[in-house]
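Visitor: My questions all concern the structure below.
The values are calculated or read from the model by the stated rules, or taken from the named source; none is laboratory data. All of these numbers come straight from a predicted model, not from anything done at the bench. Counting neighbours? That spans all protein chains shown, and the Cβs are built from the backbone with ideal geometry, glycine included. To get the accessible areas, we keep the full protein, side chains included, count just its heavy atoms, and leave off ligands, DNA and RNA. Shrake-Rupley method; radii C 1.70, N 1.55, O 1.52, S 1.80 Å.
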Amino acid sequence: AYIEEHLSGDINIEEISGQAYTSSSHFQMIFHMVMGMTVGEYIRNRRLSLAAQDLLRGNDRIIDVARR
């Protein structure tokens, strides 16, 4: 939930793991085991999904979506 709420801003692993009350290394290991991808890959994929939705709506220019 923390990642989803902060997708548009800067996210670092210490803040994420702090929300889960665990160390960053432990969180990353468990996240990878459960999700099958790293935290960074997940964030990148989610941001790309949101950008694709923005492009499909057609309200914004491509350059504006890319900057976000």
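Visitor: In whole Hz, what ³J(HN,Hα) sequence does the stretch 20-30 give by Karplus (6.51, -1.76, 1.60; θ = phi - 60°), x for Gly and Pro?
Guide: For the stretch 20-30, the Karplus curve yields 9, 6, 8, 6, 5, 5, 5, 4, 5, 5, 5 Hz.
Visitor: Also, quick follow-up: For the chain, what is the accessible area per residue in Å², given a 1.4 Å probe and the full set of protein chains? Mind dumping the intermediate values first?
Guide: Values: 5140 Å² over 68 residues.
On a per-residue basis, the chain sits at 76 Å².
Visitor: Could I ask something else about it? Which ³J(HN,Hα) values, rounded to whole Hz and listed in residue order, are derived for the stretch 37-45 from phi using the Karplus coefficients 6.51, -1.76 and 1.60 in 6.51 cos²θ - 1.76 cosθ + 1.60 with θ = phi - 60°, glycine and proline given as x?
Guide: 8, 6, 4, x, 5, 4, 4, 4, 5
Visitor: Summarise the accessible area of the chain (1.4 Å probe, protein heavy atoms) by the percent that is carbon and sulfur.
Guide: 54 percent
Visitor: With a 1.4 Å probe and all protein chains kept in place, how do 60, 10, 54 rank by accessible area, largest first?
Guide: The ranking, largest first, comes out as 10, 60, 54.
Visitor: Would you tally the net charge around residue 48, using a Cβ to Cβ cut-off of less than 12 Å, leaving residue 48 out, and scoring K and R as +1, D and E as -1?
Guide: Details: positive: 44, 46, 47, 68; negative: 41, 54.
Within the 12 Å Cβ shell, the charges total +2.
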